[in-house]
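First the structure, in the form of structure tokens, and then the observations on it.
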Amino acid sequence: MSLDLQGLKRIRRADVYKNGTLAGELSRLDTGGIRFTYLARYLAEKQVPVAFSLPLMPEAVETPHGALPAFFAGLLPEGHRLTVLKNAAKTSFDDELTLLLAVGADVPGDVQVVPAGQPPSEPEVLADASTPAELDFASLANSVDRHGLPGVQDKASASMLTTPLATRGQRYLLKLDPAENPHLVDNEAAHLAGAKNLKIPVASGRIIHDRNHLPGLLIDRFDRRPGADGRWRRLPLEDGTQVMGLPPAAKYGVASEEVAMALARLCIAPVVASRNLYLQFLFAWLTGNGDLHAKNLSVLGTEGGGFQMSPMYDVPCTLLYGDDTMALPIAGKTKNLKARHWAEFAASLGLPQRAAASASHLALKAASAIDLAALPFDGSPLRGAERELRFRRHELEQ
């Protein structure tokens with residue numbers, strides 16, 4: 001596999017598929033840049049754009065210094081997973097096309113990127129979770145993974161190691177406890193369960209254990225659906241940075257209002273989407289999740305066409321690890337938020353006052369039902385988190 005990955009550096013052109021149809025091409029420029037162009041036939045047939053930030057047009061999109069256009073850069077894994085991939089390919093983080101070619105046959109959504117002339121095919125999954133007691137989660141953490149799934153990021157929830165898994169009839173991610181953030185699996189599992197009380201879509205997950213009794217959080221991939229023909233149906237999916245045409249590094253660099261409005265206006269029911277986003281941000285504050293950044297919010301294609309908000313994901317309490325700020329500012333603030341800031345945020349999304357009040361009550365109820373003391377934390381991290389969350393909830397109740 002290593003030799004195969006290293007050979008990707010020599011590939012000059014890559015084919016870009018959209019929902020199984022050849023749509024365009026990525027190519028290396030002699031200047032060191034990258035060019036994306038649509039195929040003339042794809043344009044003539046007025047097919048669906050590859051991404052919101054790449055409208056159908058004959059002009060090429062060029063980016064300098066080995067960087068991919070923002071949408072494609074957003075398909076790459078992050079953090080630890082990207083480092084493992086870079087080392088296996090013997091390349092640099094700047095060589096984004098090589099890194100994308102390594103994982104491009106299975107990335108989030110319905111786009112695939114493969115070497116020119118090679119039809120896309122599903123890469124082998126890293127492990128089969130149908131018998132978790134036979135797995136060794138520790139060995140999976142540093143294995144080369146040919147699936148481009150988002151993973152390790154700077155803050156707690158994103159520092160999870162994310163691994164694709166397949167069991168009978170479903171596609172999964174497996175999240176493991178990183179050494180620097182203990183009990184993250186139990187933490188996120190509890191908050192995913194609590195988020196279901198918001199009555200909006202939430203990623204499904206369950207805890208499994210390997211042969212060494214290590215826990216892992218098995219998350220259903222919501223961008224995949226089994227088709228009637230036995231094949232997997234890929235649903236389009238774009239996160240906030242991709243929708244806004246921003247590179248992944250900008251995920252902390254936008255305001256909550258900006259990313260919420262950018263996503264909501266793409267949905268079939270923008271008002272419903274705005275309420276969904278208000279609930280997600282408020283639930284994050286009330287549960288101490290300081291990692292709700294622009295890549296942790298996405299729109300998902302529906303079976304009938306159009307987009308809606310994707311299920312919630314990456315929702316643990318990062319306050320337990322000392323993170324006491326929001327990832328993105330609400331009404332200009334990332335901490336010490338008051339009820340008036342949430343009222344201002346709701347108004348910026350166009351939520352009527354009564355709808356915002358009802359949503360706030362729902363978020364409070366859902367957040368309050370989560371018992372941090374039931375998780376394997378104790379001492380000052382637990383007491384400090386409980387104290388801060390009581391303050392936040394009391395502030396909103398006022």
If exposed trypsin sites (Lys or Arg not before Pro) are those in a DSSP loop with at most 14 other Cβ within 10 Å, what is the longest stretch of the chain that has none?
91-167
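Given a 1.4 Å probe and every protein chain left where it sits, what share in percent of the accessible area of the chain is carbon and sulfur?
Carbon with sulfur: 52 percent of the solvent-accessible area.
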Please give the FRET efficiency for ALA357 paired with ASP30, using the beta carbon to beta carbon distance and R0 = 45 Å, rounded to the nearest 0.05.
0.15
What net charge is computed for the residues neighbouring ALA346, neighbours being all others with C-beta under 14 Å from the C-beta of ALA346, Lys and Arg scored +1, Asp and Glu -1?
+2
If each K or R counts +1 and each D or E counts -1, the residues other than ASN19 whose Cβ falls under 15 Å of its Cβ total -2
Using a Förster radius of 35 Å, what is the FRET efficiency between THR83 and GLU397 based on their Cβ-Cβ separation? Nearest 0.05, please.
0.20
Any chance you could give the angle, 0 to 90 degrees and rounded to 10, that helix 184-195 forms with the longest Cα principal axis of the chain?
70 degrees
Rounded if a/c under 1.5, otherwise prolate or oblate - region 1-133, Cα gyration tensor axes
oblate
Inter-part distance where region 61-105 and region 324-398 are each reduced to a Cα centre, Å:
36 Å
Report the local net charge at VAL114: Lys and Arg +1, Asp and Glu -1, summed over other residues whose C-beta lies under 12 Å from its C-beta.
-2
Rounded to the nearest 10 degrees, what's the angle between the helix 339-348 long axis and the longest principal axis of the chain, both from Cα atoms, 0 to 90?
40 degrees
Calculate the FRET efficiency for ARG12 and SER143 from the Cβ-Cβ distance with a Förster distance of 35 Å, rounded to the nearest 0.05.
0.75
List the longest stretch of the chain that has no exposed loop site; here a site is one of the GluC sites (Glu not before Pro) assigned by DSSP to anything other than H, G, I, E or B, with at most 13 other Cβ within 10 Å.
181-302
Using a Gaussian network for the chain with springs between C-alpha atoms less than 10 Å apart, which of these wobbles most: LEU100, LEU300, LEU362?
LEU362
So for region 82-126, using the alpha carbon gyration tensor with a ≥ b ≥ c as root eigenvalues (a/c under 1.5 gives rounded; past that, a/b versus b/c decides prolate or oblate), I'd call it prolate
With every protein chain present, what accessible area does ASP177 have (1.4 Å probe, heavy atoms only), rounded to the nearest 10 Å²?
50 Å²
Under the classification rounded if a/c is under 1.5, otherwise prolate if a/b is larger than b/c and oblate if not, where does region 207-270 fall, given a ≥ b ≥ c as square roots of the Cα gyration tensor eigenvalues?
oblate
Accessible area (Å², per residue) of region 273-374, counting only protein heavy atoms and a probe of 1.4 Å:
34 Å²
I need the phi-derived Karplus couplings for region 258-274: 6.51 cos²θ - 1.76 cosθ + 1.60, θ = phi - 60°, integer Hz, Gly and Pro marked x.
5, 5, 5, 5, 5, 7, 4, 5, 8, 8, 4, 10, x, 5, 4, 5, 5
Angle in degrees between helix 79-89 and the longest Cα principal axis of the chain, rounded to the nearest 10:
20 degrees
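The values are calculated or read from the model by the stated rules, or taken from the named source; none is laboratory data. All of these numbers come straight from a predicted model, not from anything done at the bench. Methodologically, a virtual Cβ is constructed for each residue, glycine included, from the backbone with ideal geometry; neighbour enumeration extends over all protein chains shown. Protein only, heavy atoms only, side chains kept; ligands, DNA and RNA dropped before computing areas. Shrake-Rupley method; radii C 1.70, N 1.55, O 1.52, S 1.80 Å.
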